[in-house]
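What follows is a short report on a single structure.
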Amino acid sequence: MLCVSYSQTDVIGHAWGTRGEHADGAYLQLDKDLARLLNALDEHVGKGNYLLFLTADHGAAHNFQWMADHKMNGGAWKVRDDVLDDSLDAYLRETIGADLSVISDINSYRVFLNHARIKELGLEVQKVKDVLIDYARRLPHVQFVMDFEKVNTWSVPDVIRSRALLGYHPHRSGDLLLVLEAGWYEFGPGSSPVGTTHGEWNPYDAHIPLLFYGWKVEHGSTSREVHITDIAPTVCQKLHIQQPNACIGEPITEIIEGH
(Lines give C-alpha, C1' and ligand atoms only; values in the text may rest on other atoms or scores of the structure.)
Protein backbone atom coordinates (compact mmCIF):
# COMPACT_ATOMS: atom_id res chain seq x y z
CA MET A 1 0.00 0.00 0.00
CA LEU A 2 1.39 3.37 -1.04
CA CYS A 3 0.17 6.55 0.70
CA VAL A 4 1.02 9.93 -0.86
CA SER A 5 0.22 13.27 0.76
CA TYR A 6 -0.10 16.39 -1.39
CA SER A 7 0.10 19.18 1.17
CA GLN A 8 0.47 22.29 -0.96
CA THR A 9 -3.27 23.06 -0.87
CA ASP A 10 -3.20 22.99 2.94
CA VAL A 11 -0.12 25.20 3.27
CA ILE A 12 -1.35 27.70 0.67
CA GLY A 13 -4.88 27.71 2.11
CA HIS A 14 -3.59 28.63 5.56
CA ALA A 15 -1.37 31.35 4.11
CA TRP A 16 -3.54 32.74 1.29
CA GLY A 17 -7.12 31.47 1.73
CA THR A 18 -9.45 29.44 -0.47
CA ARG A 19 -9.86 31.99 -3.27
CA GLY A 20 -7.44 33.81 -5.55
CA GLU A 21 -4.44 33.16 -7.75
CA HIS A 22 -2.48 31.25 -5.10
CA ALA A 23 -5.23 28.68 -4.49
CA ASP A 24 -6.03 28.46 -8.20
CA GLY A 25 -2.38 27.86 -9.03
CA ALA A 26 -2.07 25.21 -6.32
CA TYR A 27 -4.95 23.17 -7.73
CA LEU A 28 -3.73 23.49 -11.30
CA GLN A 29 -0.35 22.17 -10.21
CA LEU A 30 -1.97 19.44 -8.10
CA ASP A 31 -3.82 18.26 -11.21
CA LYS A 32 -0.48 17.90 -13.01
CA ASP A 33 1.08 16.10 -10.03
CA LEU A 34 -1.80 13.60 -9.94
CA ALA A 35 -1.48 13.03 -13.69
CA ARG A 36 2.22 12.28 -13.26
CA LEU A 37 1.44 9.76 -10.50
CA LEU A 38 -1.28 8.04 -12.55
CA ASN A 39 0.96 7.85 -15.60
CA ALA A 40 3.72 6.29 -13.51
CA LEU A 41 1.30 3.73 -12.04
CA ASP A 42 -0.03 2.88 -15.49
CA GLU A 43 3.52 2.37 -16.74
CA HIS A 44 4.94 0.37 -13.84
CA VAL A 45 1.86 -1.43 -12.48
CA GLY A 46 -0.46 -1.44 -15.47
CA LYS A 47 -3.82 0.15 -16.18
CA GLY A 48 -6.58 -1.52 -14.20
CA ASN A 49 -4.10 -3.35 -11.97
CA TYR A 50 -4.15 -0.92 -9.07
CA LEU A 51 -6.87 0.55 -6.83
CA LEU A 52 -6.54 4.23 -6.01
CA PHE A 53 -8.57 6.53 -3.81
CA LEU A 54 -8.22 10.28 -3.37
CA THR A 55 -9.59 12.24 -0.44
CA ALA A 56 -8.75 15.02 2.04
CA ASP A 57 -8.65 15.43 5.80
CA HIS A 58 -10.67 18.67 5.85
CA GLY A 59 -11.86 21.70 3.93
CA ALA A 60 -11.65 25.29 5.16
CA ALA A 61 -13.61 28.46 5.78
CA HIS A 62 -13.16 31.42 3.49
CA ASN A 63 -10.87 34.14 4.77
CA PHE A 64 -12.77 36.29 7.29
CA GLN A 65 -12.05 39.55 5.48
CA TRP A 66 -13.13 38.00 2.17
CA MET A 67 -16.42 37.03 3.82
CA ALA A 68 -16.89 40.52 5.25
CA ASP A 69 -16.16 42.10 1.85
CA HIS A 70 -18.84 39.90 0.30
CA LYS A 71 -21.34 40.58 3.12
CA MET A 72 -21.24 36.99 4.36
CA ASN A 73 -21.45 35.87 7.97
CA GLY A 74 -18.10 35.08 9.52
CA GLY A 75 -15.09 36.55 11.22
CA ALA A 76 -11.91 36.07 13.20
CA TRP A 77 -12.31 34.60 16.69
CA LYS A 78 -9.30 35.71 18.72
CA VAL A 79 -8.76 33.40 21.67
CA ARG A 80 -6.06 35.48 23.36
CA ASP A 81 -7.94 38.74 23.01
CA ASP A 82 -11.57 37.65 23.29
CA VAL A 83 -11.48 34.68 25.69
CA LEU A 84 -8.32 34.37 27.78
CA ASP A 85 -8.47 37.96 29.02
CA ASP A 86 -8.92 39.92 32.24
CA SER A 87 -12.70 39.46 32.12
CA LEU A 88 -12.44 35.68 32.36
CA ASP A 89 -9.77 35.98 35.05
CA ALA A 90 -12.06 38.24 37.10
CA TYR A 91 -15.03 35.91 36.56
CA LEU A 92 -13.04 32.90 37.82
CA ARG A 93 -11.87 34.81 40.89
CA GLU A 94 -15.40 35.92 41.66
CA THR A 95 -17.11 32.54 41.19
CA ILE A 96 -14.62 29.92 42.41
CA GLY A 97 -11.65 31.85 43.78
CA ALA A 98 -9.36 30.75 40.95
CA ASP A 99 -7.65 32.44 38.02
CA LEU A 100 -6.61 31.67 34.47
CA SER A 101 -4.06 29.15 35.72
CA VAL A 102 -6.83 26.50 35.82
CA ILE A 103 -6.77 26.55 32.00
CA SER A 104 -3.74 25.00 30.32
CA ASP A 105 -4.70 26.02 26.79
CA ILE A 106 -7.43 26.53 24.24
CA ASN A 107 -6.47 24.82 21.01
CA SER A 108 -8.59 23.83 18.01
CA TYR A 109 -11.71 24.97 19.90
CA ARG A 110 -10.91 22.60 22.76
CA VAL A 111 -10.37 23.79 26.32
CA PHE A 112 -7.64 21.91 28.16
CA LEU A 113 -7.88 22.23 31.92
CA ASN A 114 -4.88 22.28 34.24
CA HIS A 115 -5.96 19.37 36.44
CA ALA A 116 -2.90 19.59 38.68
CA ARG A 117 -3.57 23.27 39.40
CA ILE A 118 -7.27 22.60 40.03
CA LYS A 119 -6.36 19.90 42.56
CA GLU A 120 -3.80 22.21 44.17
CA LEU A 121 -6.51 24.83 44.68
CA GLY A 122 -8.80 22.23 46.27
CA LEU A 123 -11.45 22.65 43.55
CA GLU A 124 -13.64 20.08 41.85
CA VAL A 125 -13.01 19.63 38.14
CA GLN A 126 -16.74 19.56 37.39
CA LYS A 127 -17.25 22.87 39.20
CA VAL A 128 -14.53 24.49 37.11
CA LYS A 129 -16.12 23.07 33.97
CA ASP A 130 -19.55 24.39 34.92
CA VAL A 131 -18.22 27.88 35.53
CA LEU A 132 -16.32 27.93 32.23
CA ILE A 133 -19.34 26.61 30.33
CA ASP A 134 -21.53 29.32 31.83
CA TYR A 135 -18.97 31.96 30.84
CA ALA A 136 -18.38 30.61 27.32
CA ARG A 137 -22.10 30.52 26.55
CA ARG A 138 -22.14 34.32 26.87
CA LEU A 139 -19.29 34.87 24.44
CA PRO A 140 -20.14 36.32 21.03
CA HIS A 141 -20.20 33.81 18.16
CA VAL A 142 -20.02 30.72 20.40
CA GLN A 143 -22.98 28.57 19.39
CA PHE A 144 -22.49 25.58 21.71
CA VAL A 145 -20.20 24.59 24.57
CA MET A 146 -19.93 20.90 25.40
CA ASP A 147 -18.44 18.89 28.23
CA PHE A 148 -16.73 16.00 26.44
CA GLU A 149 -17.62 13.59 29.23
CA LYS A 150 -21.32 14.49 28.91
CA VAL A 151 -21.69 14.96 25.16
CA ASN A 152 -24.26 12.16 24.88
CA THR A 153 -26.70 14.07 27.10
CA TRP A 154 -26.01 17.55 25.71
CA SER A 155 -28.79 19.48 23.93
CA VAL A 156 -27.10 19.83 20.55
CA PRO A 157 -27.98 18.58 17.04
CA ASP A 158 -27.17 14.91 16.47
CA VAL A 159 -24.66 15.66 13.74
CA ILE A 160 -22.58 17.85 16.07
CA ARG A 161 -22.79 15.37 18.93
CA SER A 162 -21.75 12.50 16.67
CA ARG A 163 -18.77 14.33 15.22
CA ALA A 164 -17.65 15.50 18.64
CA LEU A 165 -17.68 11.93 19.95
CA LEU A 166 -15.93 10.48 16.90
CA GLY A 167 -13.17 13.06 17.28
CA TYR A 168 -12.73 12.57 21.02
CA HIS A 169 -9.86 10.80 22.76
CA PRO A 170 -9.97 10.92 26.58
CA HIS A 171 -6.23 11.54 26.92
CA ARG A 172 -5.74 13.99 24.07
CA SER A 173 -8.87 15.98 23.30
CA GLY A 174 -9.18 18.28 26.28
CA ASP A 175 -12.19 18.81 28.54
CA LEU A 176 -14.58 21.19 26.79
CA LEU A 177 -15.46 21.76 23.14
CA LEU A 178 -16.47 25.15 21.75
CA VAL A 179 -18.61 25.19 18.60
CA LEU A 180 -18.57 28.54 16.86
CA GLU A 181 -21.16 30.07 14.57
CA ALA A 182 -20.72 29.20 10.91
CA GLY A 183 -17.97 31.19 9.22
CA TRP A 184 -16.14 32.09 12.42
CA TYR A 185 -12.77 30.54 13.09
CA GLU A 186 -9.88 30.72 15.51
CA PHE A 187 -7.34 33.45 14.72
CA GLY A 188 -4.29 33.38 16.92
CA PRO A 189 -0.60 34.30 16.94
CA GLY A 190 0.96 33.40 13.62
CA SER A 191 -2.38 33.29 11.77
CA SER A 192 -2.42 34.83 8.31
CA PRO A 193 -4.68 37.89 7.89
CA VAL A 194 -5.31 36.83 4.27
CA GLY A 195 -5.34 33.07 4.89
CA THR A 196 -7.76 30.81 6.68
CA THR A 197 -8.06 27.69 8.83
CA HIS A 198 -10.38 24.81 9.72
CA GLY A 199 -11.66 22.67 12.59
CA GLU A 200 -15.46 23.02 12.63
CA TRP A 201 -18.32 20.67 11.74
CA ASN A 202 -19.85 22.80 8.99
CA PRO A 203 -20.03 21.56 5.37
CA TYR A 204 -17.39 24.02 4.12
CA ASP A 205 -14.99 22.30 6.49
CA ALA A 206 -16.29 18.72 6.75
CA HIS A 207 -17.52 18.05 3.18
CA ILE A 208 -14.49 16.64 1.36
CA PRO A 209 -13.88 14.83 -1.93
CA LEU A 210 -13.70 11.05 -2.22
CA LEU A 211 -12.83 9.40 -5.52
CA PHE A 212 -12.08 5.75 -6.28
CA TYR A 213 -10.32 4.78 -9.50
CA GLY A 214 -8.78 1.76 -11.11
CA TRP A 215 -9.09 -1.94 -10.30
CA LYS A 216 -12.69 -3.13 -10.71
CA VAL A 217 -14.15 0.35 -10.14
CA GLU A 218 -17.05 1.10 -12.46
CA HIS A 219 -17.69 4.61 -13.78
CA GLY A 220 -20.33 6.43 -11.71
CA SER A 221 -21.11 8.77 -8.86
CA THR A 222 -23.36 9.09 -5.81
CA SER A 223 -24.84 11.93 -3.82
CA ARG A 224 -25.37 9.64 -0.82
CA GLU A 225 -23.47 10.72 2.29
CA VAL A 226 -20.42 8.58 2.94
CA HIS A 227 -17.55 9.10 5.35
CA ILE A 228 -13.79 9.00 5.35
CA THR A 229 -14.04 6.08 7.80
CA ASP A 230 -15.77 4.09 5.03
CA ILE A 231 -12.60 3.92 2.92
CA ALA A 232 -10.83 1.16 4.86
CA PRO A 233 -13.83 -1.23 4.98
CA THR A 234 -14.48 -0.58 1.27
CA VAL A 235 -10.92 -1.52 0.31
CA CYS A 236 -11.02 -4.54 2.63
CA GLN A 237 -14.32 -5.71 1.14
CA LYS A 238 -12.90 -5.50 -2.37
CA LEU A 239 -9.86 -7.51 -1.28
CA HIS A 240 -11.97 -9.95 0.81
CA ILE A 241 -9.81 -9.42 3.89
CA GLN A 242 -10.50 -8.61 7.54
CA GLN A 243 -11.13 -4.97 8.47
CA PRO A 244 -8.66 -3.18 10.79
CA ASN A 245 -9.34 -3.70 14.49
CA ALA A 246 -10.50 -0.10 15.07
CA CYS A 247 -12.61 0.17 11.91
CA ILE A 248 -15.98 1.90 12.42
CA GLY A 249 -17.09 2.55 8.84
CA GLU A 250 -19.22 0.65 6.34
CA PRO A 251 -18.27 -0.52 2.83
CA ILE A 252 -19.45 1.88 0.12
CA THR A 253 -21.83 -0.35 -1.84
CA GLU A 254 -21.56 1.73 -5.03
CA ILE A 255 -17.86 0.81 -5.17
CA ILE A 256 -18.40 -2.84 -4.25
CA GLU A 257 -21.26 -3.58 -6.69
CA GLY A 258 -20.10 -5.23 -9.86
CA HIS A 259 -16.92 -6.44 -8.13
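The values are calculated or read from the model by the stated rules, or taken from the named source; none is laboratory data. Source: prediction; values computed, not measured. For neighbour counting, all protein chains shown are included, and Cβ atoms are generated from backbone atoms with ideal geometry for every residue, glycine included. The area values use the complete protein model at the heavy-atom level, side chains included, leaving out ligands, DNA and RNA. Shrake-Rupley method; radii C 1.70, N 1.55, O 1.52, S 1.80 Å.
Quick notes on this structure:
- Evaluation of ASP86 against the conditions (1) at pLDDT below 95; (2) of a type in the set (Asp, Glu); (3) surrounded by 13 or more Cβ atoms within 10 Å (Cβ to Cβ) shows that the sole unmet condition is (3).
- Filter result for GLN8 (of a type outside the set (Asp, Glu), farther than 21 Å from TYR204 by Cα and without any contact (Cβ under 8 Å) to a residue 60 or more places away in the chain): no
- Tally of residues being free of Cβ contacts under 8 Å to residues at least 24 places away in the same chain and open to solvent by 90 Å² or more (accessible area, probe 1.4 Å) across the stretch 242-259: 3
- Some residue of the stretch 154-168 being free of Cβ contacts under 8 Å to residues at least 40 places away in the same chain, touching a Lys or Arg at 6+ places or on another chain (Cβ under 9 Å) and open to solvent by less than 40 Å² (accessible area, probe 1.4 Å): no
- So PHE112, is it open to solvent by 50 Å² or more (accessible area, probe 1.4 Å), aromatic (Phe, Trp, Tyr) and either under 26 Å from ILE160 (Cβ atoms) or at pLDDT below 95 (or both): yes
- Boolean, VAL217 is under 26 Å from LEU37 (Cα atoms), of a type outside the set (Ser, Thr, Tyr), surrounded by 18 or more Cβ atoms within 10 Å (Cβ to Cβ) and in contact (Cβ under 8 Å) with a residue 12 or more places away in the chain: yes
- Every residue from the stretch 174-214 that is charged (D, E, K, R), within 23 Å of GLY17 (Cβ to Cβ) and open to solvent by less than 40 Å² (accessible area, probe 1.4 Å): GLU200, ASP205
- Extreme residue, farthest from LYS47 (Cα to Cα), among residues of the stretch 230-241 that are without any contact (Cβ under 8 Å) to a residue 40 or more places away in the chain and within 21 Å of the chain's Cα centre (by Cα): ASP230
- For the stretch 65-74, the count of residues that are among the polar types (S, T, N, Q), on the phi < 0 side of the Ramachandran plot and out of contact with any Ser or Thr (no Cβ under 8 Å at 6 or more places or on another chain) is nonzero.
- Of the residues making up the stretch 11-45, those that are charged (D, E, K, R) and touching a residue at least 12 places away in the same chain (Cβ under 8 Å) are ARG19, ASP33.
Results for (1) closer than 27 Å to SER191 by Cβ; (2) among the β-branched types (Val, Ile, Thr); (3) touching a helix residue (DSSP H, G or I) at 6+ places or on another chain (Cβ under 9 Å), shown as yes or no for each residue.
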site	(1), (2), (3)
GLY74	yes, no, yes
ASP81	yes, no, no
ALA90	yes, no, no
ALA98	no, no, yes
VAL102	yes, yes, yes
ILE106	yes, yes, yes
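- Strands (runs of 3 or more DSSP E) contained in the stretch 146-248 and holding at least 2 residues under 23 Å from LEU84 (Cβ atoms): 176-180, 184-186
- When GLU218, GLU181 are checked against the criterion of being acidic (Asp, Glu) and within 28 Å of GLY75 (Cα to Cα), a single residue qualifies: GLU181.
- Against the list (1) farther than 17 Å from PRO170 by Cβ; (2) modelled with pLDDT under 95, the condition GLU120 fails is (2).
- Any hit, the stretch 146-161, residues being within 26 Å of GLY13 (Cα to Cα) and touching a helix residue (DSSP H, G or I) at 6+ places or on another chain (Cβ under 8 Å): no
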